[in-house]
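See below for the structure under consideration.
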Amino acid sequence: MGLCKATRQREANDVVFCGRIIMFLAHFFPLSERSAVNIKGVFNTSNETKYEKEAPDAISIDFNFYKTFWSLQEHFCNPASLTLAPTKWQKFTLGLKVVLDTFEAQPLSDEEGNANNLEDEAATFSIKYLTSSKLMGLELKDPSFRRHILVQCLILFDYMKAPGKNDKELPSETMKEEIKSCEERVKKLLEMTPPKGKDFLHSIEHILERERNWVWWKRDGCPPFEEQPTGKKLIQDGVKKRRPRWRLGNKELSQLWKWADLNPNALTDPQRVCTPAASEYWKPLAEDMDVNAGIEAEYHHKNNRVYCWKGLRFSARQDLDGFSRFTEYGIEGVVPLELLPPDMRSKYQAKPSDRSKRAKKEETKGVPQQAEENQIATPASEIDGEGSKVDTEASGAPMDTDATPTGNISRGGTPSPDDFQKQSSDTDAGQEAGQIEADVEVDAGMIDGETDAEVDLDAVG
């Protein structure tokens, strides 16, 4: 690095060779190398611009303008001196305004800009412009020359607005206003200067923005740009770090448990859990509803969902009448009426007709329930009655069958074949009737939960 610096100083006149040395150093060292960075922001004050102090004979331009124009290079060479000496700043602003007024009074057309633009010709490339008074008229018609001066102004303004300086070096409020006005004029002139003034101004603004980031990076101590991989972290000294084990699973719960151990009376404090009364809780919303309070709608408590949810829970436990008004009037209807202004209570009070309608609805809801209960109770009683009827008929059936044949025999003495057939048919019919009645009795016994079906069947047989 020392050899490269010494070679560059020796061959300072060979711009191409010095540029190759700088490119070699830029590729060889990393971008965050501090040795290649001007951390303090020191300016090269030895780069002086020499110009004529006395007016020559037969000069075609205003010599005072010539001296004012080239005297600006002294301030461009060392911008830090402007903030320390207010007289220098006043002198600089006066000279700059004269130059800007001249550029605005003599604008360049597109034809002049294309004809006098010499940037494309490599043979005329030079690191500094000539300061002869005889060339001043031609240089003012050169768009590249104008751009060179105007860009120097933007660089100076950007330096004075840059951060990382002491309080003494910061510009005052009046200086900031003058910088802003002059900067707007310079940008407007750059936009008007052909060719492609807007594109050129956009490129300069982009370069100055990157320069600000560079200044911030130097102010922070030139941290390295390389970032460590986001994968596994390197283990130092080959020792694997253990994860901290918490008593209750994580750090927050463990700290809460430790705090409870240190304060054992905190959990038994009666003031720890205090449920407010619903009337006290709804006071803020009642104040919001008051028109005379003049509270805007966006600041009302009804927009807070948590507040409304807690209030509904309190009203459900303490004020069921107010809680019932939520479905009809919303959250504002839950507010107790004694908290509302007198002109608003009538809006949320339940009318007598509404109360009668609610009572009728409740009565009509109770009637179908009673009818259903009666329908459920009647089938069981009917089944019990039918079972008793079957029992009596079953008990009477054998007596009829027995009485019929005995009567016929007593009349005729000895029974005839016809009597035998009638007797057999009657007995068969009696047995069938008894069997049907027994089946009905069994069914009734199953429904009523009785277990005497077998006894009734034996009696019928």
Practice task
Work out how much length residue 9 to residue 138 would gain on full extension: take 0.36 nm times their residue separation and subtract the Cα-Cα distance, in nm to one decimal.
Solution key: 43.1 nm
Handout entry: residue 138 accessible area, 1.4 Å probe, all protein chains in place, Å² to nearest 10
Key = 120 Å²
Practice task
Determine how large the accessible area of residue 33 is when every protein chain is in place; take a 1.4 Å probe and give Å² rounded to the nearest 10.
Solution key: 60 Å²
Fill in the blank from the handout: Note: residue 216 to residue 31 extended length (0.36 nm per residue) minus current alpha-carbon separation gives 65.1 nm
Fill in the blank from the handout: Largest-first ranking of 323, 225, 63 by accessible area, probe 1.4 Å, whole protein assembly kept, is 225, 323, 63
Handout entry: Percent accessible area from carbon and sulfur atoms, the range 278-346, protein chains only, probe 1.4 Å
Key = 52 percent
Problem - Solvent accessible area, Å² - residue 27, 1.4 Å probe, full protein context - result: 150 Å²
Practice task
Go through 50/187; 161/198; 91/134 and tell me which ones have a Cα-Cα distance over 32 Å in this structure.
Solution key: none
Practice task
Report the net charge of residues surrounding residue 72, where surrounding means a beta-carbon distance below 12 angstrom and charges are Lys +1, Arg +1, Asp -1, Glu -1.
Solution key: +3
Practice task
Quick one: pull the percent of accessible area on the range 35-82 belonging to carbon and sulfur, 1.4 Å probe, ligands and nucleic acids left out.
Solution key: 47 percent
Completion exercise
A chain fully extended from residue 42 to residue 64 at 0.36 nm per residue, minus the present Cα-Cα distance, gains in nm 4.8 nm
Exercise for the section: With a point put 7 Å past each Cα toward its Cβ, work out how far residue 291 is from residue 81 in nm, to one decimal. Expected result: 7.4 nm
Problem - Per residue solvent-accessible surface (Å²) - the range 168-213, probe of 1.4 Å - result: 71 Å²
Practice task
Calculate the spin-label point distance for residue 90 paired with residue 243, positioning each point 7 Å from the Cα along the beta-carbon direction, and give it in nanometres.
Solution key: 7.1 nm
Problem - Sequence of 54, 191 when ordered by accessible area, the most exposed leading, probe 1.4 angstrom - result: 54, 191
Problem - Length-normalised contact order for the range 245-344 - Cα pairs under 8 Å, 6+ apart - percent - result: 25 percent
Practice task
Could you order 259, 246 by accessible surface area, starting with the largest, using a probe radius of 1.4 Å?
Solution key: 259, 246
Practice task
Starting from the Cα of residue 305, step 7 Å along the direction of its Cβ; do the same at residue 128; then give the gap between the two resulting points in nm.
Solution key: 7.2 nm
Handout entry: Listed peptides 38-45, 92-99 by packing density, highest first (mean Cβ within 10 Å)
Key = 92-99, 38-45
Practice task
Note down the magnitude of the dipole of the range 136-203 about its Cα centre, charges +1 on Lys and Arg C-beta and -1 on Asp and Glu C-beta and zero elsewhere, to the nearest 20 debye.
Solution key: 220 debye
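The values are calculated or read from the model by the stated rules, or taken from the named source; none is laboratory data. A quick note: this is a predicted structure, and the numbers were derived from the prediction, not measured. Ideal geometry is used to build each Cβ from the backbone, glycine not excepted, and the neighbour counts take in all protein chains shown. The area values use the complete protein model at the heavy-atom level, side chains included, leaving out ligands, DNA and RNA. Shrake-Rupley method; radii C 1.70, N 1.55, O 1.52, S 1.80 Å.
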